[in-house]
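One structure is given below, encoded as structure tokens.
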Amino acid sequence: MKVCIDPGHGMSNRQMGVFDPGATHVENGFLFREADIALRYGLALKDALRANGVEVFMTRDDATDHAPVGRRATMARNAGCDLLVSLHLNDFDDDSANGLEVLFRDADDRVLAQRLQSALLEVTGLRDRKIKQRNDLAVLKFQGTAVLIELGFIANDGDRAKLLDAQIRDAAVHRIAAVVMEHAGAEA
């Protein structure tokens, strides 16, 4: 099994040579960017999967890697990946919006999405925004199993505090890795 980890946004996501920070939030003069937080989670997930012998492909390893959103699914396919996990943060005009949700493309991906949702709610304590079917997202057009995890809301103080907590991040990525490996084993 080979897993594609797609930390959302970053360099050339929407326009070649332009960094896309994704959702942003300023708190006490400090700028939080979705692209940075998603990358931290992506790199930690890569380590967790590799520690368990799983081969990993990253759509981007840092803030300078060019990863146009419309090419990410193709990059994963060309790298020989069987499964794609895209990592994002939500945003909304009302800072009280909160919670975690996993997006999936079709019925084949629903089981993985629900397992990830349940596992992540358990370790993060975030509000359950349920799993949602979306077939309009570029990364979910991957030819294979694909999910997009909205880890929480960047502008919500409670969500953001949990997302930035290294212990919660470590627990979350290890649960993602365990669910992905269990799912792949069940399909084998």
| query | Looking only at segment 149-164, which residues are surrounded by fewer than 21 Cβ atoms within 10 Å (Cβ to Cβ) and free of Cβ contacts under 8 Å to residues at least 60 places away in the same chain? | reply | Ala161
| message | Taking the conditions exactly as written (open to solvent by 60 Å² or more (accessible area, probe 1.4 Å), within 17 Å of Leu45 (Cα to Cα) and without any contact (Cβ under 8 Å) to a residue 40 or more places away in the chain), does Gln167 satisfy them or not? | response | yes
| request: Could you please find all residues in segment 117-138 being touching a His at 6+ places or on another chain (Cβ under 9 Å) and more than 22 Å from Ser96 (Cα to Cα)? | output: none
| remark: In the set Ala113, Ala184, Ala119, Ala146, the lone residue that is touching a residue at least 60 places away in the same chain (Cβ under 8 Å), open to solvent by less than 10 Å² (accessible area, probe 1.4 Å) and more than 22 Å from Gly70 (Cβ to Cβ) is Ala119
| field | Which listed residue is open to solvent by less than 30 Å² (accessible area, probe 1.4 Å), touching a residue at least 40 places away in the same chain (Cβ under 8 Å) and of a type in the set (A, V, I, L, M), from Ala35, Ala79, Ala63 | value | Ala79
| task | Inspect segment 76-99 for any residue being basic (Lys, Arg) and within 16 Å of the chain's Cα centre (by Cα) and give the result as yes or no. | result | no
| query | If we keep just the residues of segment 20-32 that are touching a residue at least 24 places away in the same chain (Cβ under 8 Å) and open to solvent by less than 50 Å² (accessible area, probe 1.4 Å), which is farthest from Lys162 (Cα to Cα)? | reply | Gly22
| field | All positions within segment 101-110 that are outside any helix (DSSP H, G or I) and surrounded by 17 or more Cβ atoms within 10 Å (Cβ to Cβ) | value | Glu101, Val102, Leu103, Phe104, Arg105
| task | Would you please list the contacts, defined by Cβ atoms under 6 Å and residues six or more apart or on different chains, that run from a residue in segment 1-13 that is closer than 12 Å to Leu84 by Cβ to a residue that is of a type in the set (Phe, Trp, Tyr)? | result | Cys4/Phe57
| Taking strands (runs of 3 or more DSSP E) that fall entirely within segment 1-99, which contain at least 1 residues that are under 17 Å from Arg175 (Cα atoms)? | 2-7, 55-58, 83-90
| query | Out of curiosity, is Asp95 of a type outside the set (Ser, Thr, Tyr) and open to solvent by 30 Å² or more (accessible area, probe 1.4 Å)? | reply | yes
| task | Please indicate, with yes or no, whether at least one residue in segment 124-132 is in a helix (DSSP H, G or I) and surrounded by 14 or more Cβ atoms within 10 Å (Cβ to Cβ). | result | yes
| remark: Restricting segment 143-188 to residues that are assigned to a helix (DSSP H, G or I) and of a type in the set (Val, Ile, Thr), the one nearest to Asn98 (Cα to Cα) turns out to be Ile168
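The values are calculated or read from the model by the stated rules, or taken from the named source; none is laboratory data. Model, not experiment: these values are computed from the prediction. When we count neighbours, we look across all protein chains shown, and the Cβ atoms used for this are built from the backbone with ideal geometry, even at glycine. These accessible areas exclude ligands, DNA and RNA; they are computed on the full protein's heavy atoms, side chains included. Shrake-Rupley method; radii C 1.70, N 1.55, O 1.52, S 1.80 Å.
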